[in-house]
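J.: Dropping a structure here in structure tokens format, bear with me for questions.
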Amino acid sequence: MASNTIFVEIKCSFCNGTGKDPYGIMSYLSTCCVCNGKGTIRVNADHTPCVHCRGTGAIKTLTCTVCGGKGVIPSIAGPTEVCVKCKGTGDDASNWALDCLECRGKGRVPKT
Ligand SMILES: [Zn+2]
Ligand SMILES: [Zn+2]
Ligand SMILES: [Zn+2]
């Protein structure tokens, strides 16, 4: 495995590439807080869709705490298995807006 992390530029999931605040919290003319208005974000080339926000980058109208609004998370190195606590959804059982404590919202945990 190369130790150098390679980054790729992808469309911002939170604003869907528009660069504008999708929910108009301040104003619909505000820049997107995830990509700073660029419409694209830099992510680890080895990434996987964020299950907690279903890859949208948003939970309700807030940026997802697991991926920070990017919609993807760096892949977990090595073999993984589905988190038994959230059954891979990444959601807390009592409140879907919160991330699962067991896998920190990733839906998967390193295989033991
Ligand atoms: Zn954006
Ligand atoms: Zn997310
Ligand atoms: Zn979990």
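Values quoted throughout were computed directly from the atomic coordinates according to the rules given, and no laboratory measurement underlies them. Bear in mind the structure is a predicted one, so any value in this text is a computation, not a measurement. Note that each Cβ is placed from the backbone with ideal geometry, even for glycine, and that neighbours are counted across all protein chains shown.
J.: Per-residue HN-Hα couplings for the range 81-94, Karplus 6.51 cos²θ - 1.76 cosθ + 1.60 at θ = phi - 60°, whole Hz, x for Gly and Pro?
T.: My calculation for the range 81-94 gives 9, 5, 5, 6, 5, 9, 6, x, 7, x, 9, 5, 4, 8 Hz in order.
J.: Could you work out the relative contact order of the chain? I mean the mean sequence separation of Cα pairs under 8 Å and 6+ apart, divided by the number of residues, in percent. Could the numbers behind the result be given before it?
T.: Working: 234 pairs, mean separation 23.7, N = 112.
So the answer I get is 21 percent.
J.: If you don't mind, another one. Starting with the fewest neighbours, write out 13, 94, 75 ranked by other beta-carbon atoms found within 10 Å of each beta-carbon.
T.: Working: 13 26, 94 6, 75 14.
Fewest to most other Cβ atoms nearby, the residues stand as 94, 75, 13.
J.: So if I take the alpha carbon set of the chain, get Rg, then get Rh from the Kirkwood formula, what is the Rg over Rh ratio?
T.: Details: Rg = 14.8 Å, Rh = 14.5 Å.
My calculation puts Rg/Rh at 1.02.
J.: Hey, with R₀ at 22 Å, roughly what FRET efficiency would residue 33 and residue 75 work out to, going by the Cβ-Cβ distance, to 0.05?
T.: Efficiency computed from Cβ-Cβ geometry: 0.35.
J.: May I pose another question? Filter the cross-link list 85/106; 70/106; 60/111 down to pairs whose alpha-carbon distance in this structure exceeds 21 Å. Spell out each step's value before the answer.
T.: On the way: 85/106 11 Å; 70/106 13 Å; 60/111 31 Å.
Pairs exceeding the cut-off: 60/111.
J.: Estimate the FRET efficiency between residue 104 and residue 40 by the formula 1/(1 + (r/R0)^6), using the beta-carbon distance for r and 41 Å for R0, to the nearest 0.05. Don't jump to the answer; show the numbers that get you there.
T.: Details: r = 26 Å, r/R0 = 0.62.
E(calc), rounded to 0.05, equals 0.95.
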